[in-house]
Amino acid sequence: MTDSNYDERRSLRSELEQALEEADTGALRITLARLPEVAPTTRKQCLQSLKTVAEDAPDTLAAVISIAATKNAVGYLADVDRVGIIDRRKTFVDTDNRGRTGVDGLYAAGWMTAETVHQAIVSAGHGAHAAISSRMSDIAARYWPAVADHYVDWVVHVGRYAGDEEWADHTREWFEEEILVDGVETTLAESALEHLRTEFIDRQIDADEWQRRDREGQLALLEQMDDDLVNEYAASLQHTDT
Ligand SMILES: Cc1cc2nc3c(=O)[nH]c(=O)nc-3n(C[C@H](O)[C@H](O)[C@H](O)COP(=O)(O)OP(=O)(O)OC[C@H]3O[C@@H](n4cnc5c(N)ncnc54)[C@H](O)[C@@H]3O)c2cc1C
């Protein structure tokens, strides 16, 4: 693969898979930790921080946010303080409807929770909901809840937001009317406004990025498919081309 993000993700994934295999044998200690603040848009920095923590404490897998989704396997969370286990002949991890457990930063999704025992798409949606919820909790903790309420998970074409002085004034007006609450210190307020402006600007992606994400998604899907079927389909395309 030529895409470096894709390579990086694959390598992180195989490291995590290996760690989880060890977890199955009980060889890995799972530690819930909180890393120093990482800028929200720099995934590379986040990966680097995780690697640094792993190097400093090689027997510890540290994560800022964890989403557990192991279906019938619930026991490994039973001894974690503030994680509730519900016993209904089968055991489930207790979460609210946003996938939150009693531990800050620890979420659970899918069939291991009592919130969903439905078809695959609902379980996948539950995982996505937990991911959004984790993002919003993080923003709320750094600023205040109204800032988090404006987080969205979609993107737009470049040019949607002007990013010029007039736009900056307009966003300030909107911020002061709808988001700012009494008692917030000026420095924190300015930092929240800057955060929201950055989110708007970063939401814009150009055609190349659009295509890169599209390709990354398709490659991820291809990895899950039967290789024989993929080869058969590729051969049929070559046949059509000639
Ligand atoms: C018999 C049956 C038939 C079904 N048919 C359909 C259907 O036709 N269509 C449909 O949409 N849905 C169907 N479902 C529902 C679907 O399977 C679930 O909605 C979905 O799989 C739940 O997703 P999940 O992520 O919670 O769990 P899973 O998809 O089961 O994912 C859990 C993952 O966690 C891993 N894991 C478990 N323990 C550990 C551990 N200790 N360490 C690391 N990893 C671990 C597992 O290997 C697995 O990969 C069916 C379910 C059953 C039981």
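The values are calculated or read from the model by the stated rules, or taken from the named source; none is laboratory data. The shown structure was predicted, so the numbers you read here are calculated from the model rather than taken from an experiment. Here the Cβ positions follow ideal geometry from the backbone for every residue, glycine too, while neighbour counts run over all protein chains shown.
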**OP:** Could you check how many residues of region 68-80 are free of Cβ contacts under 8 Å to residues at least 24 places away in the same chain and more than 10 Å from the ligand (Cβ to nearest atom)?
**Re:** 2
**OP:** Would you point out which residue out of 117, 93, 83 is farther than 30 Å from residue 198 by Cβ and touching a Phe, Trp or Tyr at 6+ places or on another chain (Cβ under 8 Å)?
**Re:** 117
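Taking the condition part of a helix (DSSP H, G or I), more than 30 Å from residue 204 (Cα to Cα), within 13 Å of the ligand (Cβ to nearest atom) and at pLDDT below 60, does residue 27 pass?
no
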Original post:
When only residues in region 105-121 that are out of contact with any Lys or Arg (no Cβ under 8 Å at 6 or more places or on another chain) and not hydrophobic (A, V, I, L, M, F, W, C) count, which is farthest from the ligand (Cβ to nearest atom)?
Top reply: 115
Subject >> Criterion (out of contact with any Lys or Arg (no Cβ under 9 Å at 6 or more places or on another chain) and away from the ligand (no atom under 16 Å from the Cβ)) met by exactly one of 140, 168, 131, 148 >> reply: 140
Subject >> Selected residue (only one of 83, 53, 117, 122 is at pLDDT 90 or above and over 30 Å from residue 200 (Cα atoms)) >> reply: 83
Subject >> Among residues of region 81-105, those that are in contact with a helix residue (DSSP H, G or I) (Cβ under 6 Å, 6 or more places away or on another chain) and closer than 16 Å to residue 117 by Cα, counted >> reply: 3
